[in-house]
Amino acid sequence: GYSNQFGSFYRWETTPNENVLLSVYGGLYQIIARCNFFMDHVEEVRNTLTVESERKTIDKYEGDVRFMRALAYSDLIRTFCEAYEPSTATQKMGVPLYLHYREGNGSSVKKARATLEESYAQVLEDLLQADQLVTRIGSDAAFVTEGAVDALLARVYLYMQNWDKAIEHATNVL
């Protein structure tokens, strides 16, 4: 029943301007912006490193950041887009894909929504690169592990109805 919370949702009178929706949407894009800031500057930092162990550490951090950006985009897609149908994914709207912290000469640029296929392709690209960079194993909740990358890959492939890949990555987690 209604508990004096989220009244517009309870009455089915939700609009795109609901603060609850805006905070989820904005929060996920804030995560993406922070990841993009890291990605825009990671090569500069990597080029200053002279010790191999430091290079391996920055690679692990890049894997973490790519995973987090993929997770944020996959949540945006799952929450604000239609379900993925392989036959219509090129015609359905996905989410705006911001891949750099500042685009358009440092000004705030509003991008058009990519297709659903392009949106999922970006998620997969980040996850597959994270899969190469993340080397932690086990259940260390403080960092991204190989199992976490495989789990998200399995989920994304499941949403995309790519059953074989979903099974493959779910099996890796097990």
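The values are calculated or read from the model by the stated rules, or taken from the named source; none is laboratory data. As the structure is a prediction and not an experimental result, all values here were calculated from the model. Every residue, glycine as well, gets a Cβ built from its backbone with ideal geometry; the counts of neighbours run over all protein chains shown. Accessible surface is based on the protein model in full, side chains and every heavy atom, while ligands, DNA and RNA are left aside. Shrake-Rupley method; radii C 1.70, N 1.55, O 1.52, S 1.80 Å.
Worth a mention:
- Under 18 Å from K92, Cα to Cα: lysines that are on another chain or at least 8 residues apart: K111
- With respect to the chain, whose longest principal axis is taken over its alpha-carbon atoms, helix 163-173 is tilted by about 60°.
- The local environment of Y73, defined by Cβ-Cβ distances under 14 Å, has a net charge of +2 under the rule Lys, Arg +1 and Asp, Glu -1.
- A simple count of charges around Y84, restricted to other residues whose Cβ falls under 11 Å of its Cβ and scoring Lys, Arg +1 and Asp, Glu -1, yields -1.
- Peptides 65-73, 44-52 ranked from most to least packed give 65-73, 44-52, packing being the mean of other C-beta atoms within 10 angstrom over each peptide's residues.
- The GluC sites (Glu not before Pro) found in region 72-166 that occupy coil by DSSP, while having at most 14 further C-beta atoms within 10 Å, are E82, E103.
- The lysines within cross-link reach of K60, meaning a Cα-to-Cα straight distance under 29 Å and a gap of 8 or more places when in the same chain, are K165.
- Length-normalised contact order of the chain in % [C-alpha pairs under 8 Å, at least 6 apart]: 20 percent
- Residue by residue, region 22-27 carries 3J(HN,Hα) couplings of 5, 5, 5, 4, x, x Hz when phi is fed to the Karplus relation 6.51 cos²θ - 1.76 cosθ + 1.60 (θ = phi - 60°); x denotes Gly or Pro.
- Considering only G26, G94, G147, the mean-square fluctuation computed in a Gaussian network model of the chain, springs between alpha carbons under 10 angstrom, is largest for G26.
- Here's how it looks for T115: its modeled amide H is under 5 Å from those of G94, which are all 5 or more places away or on a different chain.
- Note on the chain: helix-only mean residue ellipticity at 222 nm, from DSSP H runs of 4+ residues weighted -39500 (n - 2.57) and normalised by residue number, equals -20500 deg cm²/dmol.
- Protection proxy ranking of 31-38, 84-91 - average other beta-carbon atoms within 10 Å, highest first: 31-38, 84-91
- For K56, the solvent-accessible surface computed with a 1.4 Å probe is close to 120 Å², ligands and nucleic acids excluded.
- For E54 and Q91, the FRET efficiency from 1/(1 + (r/R0)^6), where r spans their Cβ atoms and R0 equals 41 Å, is about 0.35.
- By the rule of a C-alpha distance below 23 Å, with chain neighbours fewer than 8 residues away ignored, no lysines are paired with K56.
- Folded to 0 to 90 degrees: helix 116-133 orientation relative to the chain principal axis, Cα: 30 degrees
- Given the alternatives (1) 16.9, 55; (2) 18.2, 61; (3) 15.9, 50, Rg and Dmax of the Cα atoms in Å as computed for this entry is given by (2).
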